[in-house]
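Worksheet: the structure to be examined is printed underneath.
The values are calculated or read from the model by the stated rules, or taken from the named source; none is laboratory data. The structure displayed is predicted, hence computed values, not measured ones. All Cβ positions, even for glycine, are placed from backbone atoms using ideal geometry, and neighbour counts span all protein chains on display.
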Amino acid sequence: MTRRIAPWLAAGVLLLGLEGSAGGITVSSELSGTALRVADTLVLRVMARWEGGEEMYRFSTPRPGDNPYLQLAGQSVGGQARLEDSAFVSEKSWHFSFVCVQPGSTQIVPPVIVYTNTETEVTDSVVGSPMFLAIAAAPEPPFDYRRGWPYLLALIIAGVVVFAALRIAQIRRQAAKNRKLHQTPEDEAAQLLEALQPLKREDRGEQFYTDLEKIILGLWEARAGRRLAGKTPREVANILDESGVDDEVIGRVRATLTECQNARFGGGRVDIATMENAFETVQAWVKPPDGS
């Protein structure tokens, strides 16, 4: 029996496996695709074609071979006869649906088509040509936003915490600024005197009197409304006198400033009792002025 090889091309064919013919019948096969992903569906179509009526041939049910990359999901069969150039042409087709189950490269071998000529009772078969198939891994599933609410909730809580922390810091800075703006000279002097307490030591006398002098000048400068920094005790006394400060208070201010300068220029060698007296004198001035 003579075989002849003939291609079968049709619209939509992605890959064609050429087969043979016997007694005037031609068999061909095609795949729905050659590059798929896991979980995609692959369709293998096998078609037999001959000139004459459908009754000329009987076909055994073809069975696709096993393939570890594919899982058979269904199959169907169809056929038709039509008139072409005043002659009948018949077709019979089988469709096999597979699901791609694992990635990799494989060959698809069409099932063997066994047919019998009803006139001669001669049986023959056609073995299909292997066709290449590449299967890629399945795509990542789309993000399920319903599962993202814990992350969104955590982000909202973190944002609230950060906002609250920044707000508290801002309030504290503003409060400190307001306190400073509304702080009286007496309040400021009291704070500086509190910070000066640790320096009441004989080995820190020079630093003690340097800071004490600054406190005195700052306090009376604010009260007199005149600049006193850099002035001598005598000049300070004259400015306070012009500002209407009581003579007795002026005398104590002058004496304390003189003591500060003597201690500074004398190396700060002053006993604790003397330092304590000077400290208490200045501490008494921290009280708001009573008009004296």
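Matching residues to (1) over 30 Å from the mean Cα position of the chain (by Cα); (2) at pLDDT 80 or above; (3) of a type in the set (V, I, T):
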position	(1), (2), (3)
M131	yes, yes, no
A137	no, yes, no
G159	no, yes, no
A169	no, yes, no
R173	yes, no, no
A189	yes, yes, no
Q197	yes, yes, no
Which numbered condition T120 fails, given (1) surrounded by 10 or more Cβ atoms within 10 Å (Cβ to Cβ); (2) modelled with pLDDT of 85 or more; (3) closer than 30 Å to W94 by Cβ: (1)
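Under the condition of being of a type in the set (V, I, T) and part of a loop (DSSP other than H, G, I, E, B), which residue from region 21-51 is surrounded by the fewest Cβ atoms within 10 Å (Cβ to Cβ)? Step through it out loud before you land on a result.
Taking region 21-51 as the starting set, the residues that turn out to be of a type in the set (V, I, T) are 25-27, 34, 38, 41, 43, 46.
Now narrow it down to the ones that are part of a loop (DSSP other than H, G, I, E, B): 34, 38.
On the way: T34: 14, V38: 16.
Step by step, filter region 21-51, then rank; the result is T34.
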How many residues are part of a helix (DSSP H, G or I), among the aliphatic types (A, V, I, L, M), within 26 Å of K200 (Cα to Cα) and touching a helix residue (DSSP H, G or I) at 6+ places or on another chain (Cβ under 7 Å) when one looks only at region 238-275? 6
I'm told L153 meets every condition in (1) outside any loop (DSSP other than H, G, I, E, B); (2) assigned by TED's automatic domain parsing to the domain that holds L42 except one. Can you identify the failing condition by its number? (2)
I'm trying to understand the selection: among the residues of region 92-124, which are touching a helix residue (DSSP H, G or I) at 6+ places or on another chain (Cβ under 9 Å) and part of a strand (DSSP E or B)? K92, N117
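Could you tell me which residue of region 78-108 is surrounded by the fewest Cβ atoms within 10 Å (Cβ to Cβ), considering only residues that are closer than 16 Å to L31 by Cα and hydrophobic (A, V, I, L, M, F, W, C)? So that I can check it myself, show each step before the final result.
Taking region 78-108 and keeping what is closer than 16 Å to L31 by Cα, we get 93-100, 105-108.
Those still in the list that are hydrophobic (A, V, I, L, M, F, W, C) too: 94, 96, 98-100, 108.
Details: W94: 22, F96: 22, F98: 24, V99: 15, C100: 22, I108: 24.
This residue is V99.
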Answer from D85, D124 - the residue that is charged (D, E, K, R), farther than 24 Å from G33 by Cβ and touching a strand residue (DSSP E or B) at 6+ places or on another chain (Cβ under 6 Å): D124
